[in-house]
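The values are calculated or read from the model by the stated rules, or taken from the named source; none is laboratory data. None of the values given here were measured: they were computed from a predicted structure. Cβ coordinates were reconstructed from backbone atoms using ideal geometry, including for glycine residues, and neighbour counts include every protein chain displayed. Areas reflect the complete protein model, heavy atoms only, side chains present, ligands, DNA and RNA absent. Shrake-Rupley method; radii C 1.70, N 1.55, O 1.52, S 1.80 Å.
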Amino acid sequence: MSGIPERLQAVENAIVAACAEARRPPAAVRLLAVSKTFGADAVLAAVEAGQRAFGENYVQEGVDKIRAVAAALPAVLPNMSPDARLAWHFIGPIQSNKTRPIAEHFDWVHTVEREKIAARLSEQRPPALGPLNVCVQVNISGEASKSGAVPADVAALAEAVARLPNLRLRGLMAIPEPAADLAAQRAPFAAMRTLFEQLRANFGPDFDTLSMGMSADMRAAILEGATIVRVGSAIFGARDYNN
């Protein structure tokens, strides 16, 4: 796929620059390449360029892509180390009737906003796969159109998730309301960092993930402590939702 290695490198360079500005080591921030609406060939091009973590928003598309990439990967990277296996993150809204394929195929879920969904994911997680890594989604900007728990309810939901046997609570995720300037972008991310730090003491060392920031506001998120940034169009190009 033309241009993906170059765009991926540019995003990685931007992460390094933002980390330097924030006086954080570059290794403190992981890049999640959001591959929704792009085919397995785009994912494989990113894998060839060194990317290992991918995010999907739509259950069936994601499951089909995971299978297609797994089938093609040995031919694309025949010498790929087992230690460098791909990680698949589900980052879209979760319907109750779609929890099983998520539990069976993904390594991470960033969008848990209800205890019922968490319980279903735990019940349906195959034991052989080990615990499913989970982030609680926070509606940090209070938008009616956005998913996520309100900040006041996050602690109780996180405690419920942490008690479930086949889940591993990793942290928090948010998609703030878009803002045009850096200061406005940083404000909700700062609120997320405060909430994250308040909860971290209760959940031990596994509670280490603050998933926030996308193509347009990645710098602001990193300045406020993001540990995962979710970037799609800056890597894969503009999306065509008509296909």
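General remarks:
- The GNM of the chain, with springs linking C-alpha atoms under 10 angstrom apart, assigns the highest mean-square fluctuation among LEU129, LEU210, LEU157 to LEU129.
- Placing unit charges on the Cβ atoms of the charged side chains and taking the dipole of the chain about its Cα centre, the candidate lying farthest along the positive direction among ALA156, ILE140, PHE236 is ALA156.
- Computed from phi, the 3J(HN,Hα) profile of the stretch 122-138 under the Karplus parametrisation 6.51, -1.76, 1.60 (θ = phi - 60°) reads 5, 5, 9, 6, x, x, 5, 7, x, x, 7, 6, 9, 10, 7, 7, 10 Hz, with x in place of Gly and Pro.
- Per-residue 3J(HN,Hα) values for the stretch 50-64, derived from phi via the Karplus relation 6.51 cos²θ - 1.76 cosθ + 1.60 with θ = phi - 60°, read x, 6, 10, 10, 10, x, 10, 9, 10, 4, 5, 4, x, 4, 4 Hz in sequence order (x marks Gly and Pro).
- Inter-label distance, nm, simple model (7 Å from Cα along the C-beta direction), ALA10/ALA187: 3.0 nm
- Net charge dipole size for the chain [Lys, Arg +1 and Asp, Glu -1 on Cβ; Debye, nearest 20]: 320 debye
- Value of [θ]222 nm, deg cm²/dmol, for the chain, DSSP H segments ≥ 4, -39500 (n - 2.57) each, nearest 500: -14000 deg cm²/dmol
- 1.4 Å probe accessible area per residue over the stretch 96-243, in Å²: 44 Å²
- Taking Cβ atoms as reference points and 11 Å as the exclusive limit, the residues near PRO131 contribute a net charge of +1, counting Lys and Arg as +1 and Asp and Glu as -1.
- Of the residues ALA28, VAL47, TYR58, the one whose Cα sits farthest toward the positive end of the charge dipole of the stretch 15-76, with +1 on the Cβ of Lys and Arg and -1 on the Cβ of Asp and Glu, is ALA28.
- Rounded to the nearest 20 debye, the dipole size of the stretch 13-78 about its Cα centre is 280 debye, using +1 on the Cβ of Lys and Arg and -1 on the Cβ of Asp and Glu.
- With a cut-off of 15 Å between beta carbons, the residues surrounding PRO101 carry a summed charge of 0, where Lys and Arg count +1 and Asp and Glu -1.
- Kirkwood hydrodynamic radius over Cα pairs of the stretch 1-103, then Stokes diffusion coefficient at 37 °C and 0.692 mPa s, in µm²/s: 220 µm²/s
- Computed from the Cβ-Cβ distance with R0 of 22 Å, the FRET efficiency linking ALA128 to ARG163 stands at 0.50.
- Entry for the stretch 44-106 at q = 0.23 Å⁻¹: log10 I(q)/I(0) = -0.97, Debye formula applied to identical alpha-carbon scatterers, no solvent contribution.
- Other residues whose C-beta falls under 15 angstrom from the C-beta of VAL11 contribute a net charge of +2, scoring Lys and Arg +1 and Asp and Glu -1.
- When the P(r) of the stretch 31-173 is calculated, the portion above 25 Å amounts to 30% of the C-alpha pairs.
- Across the accessible surface of the stretch 43-106, with the other protein chains kept in place and a 1.4 Å probe, carbon and sulfur atoms take up 53 percent.
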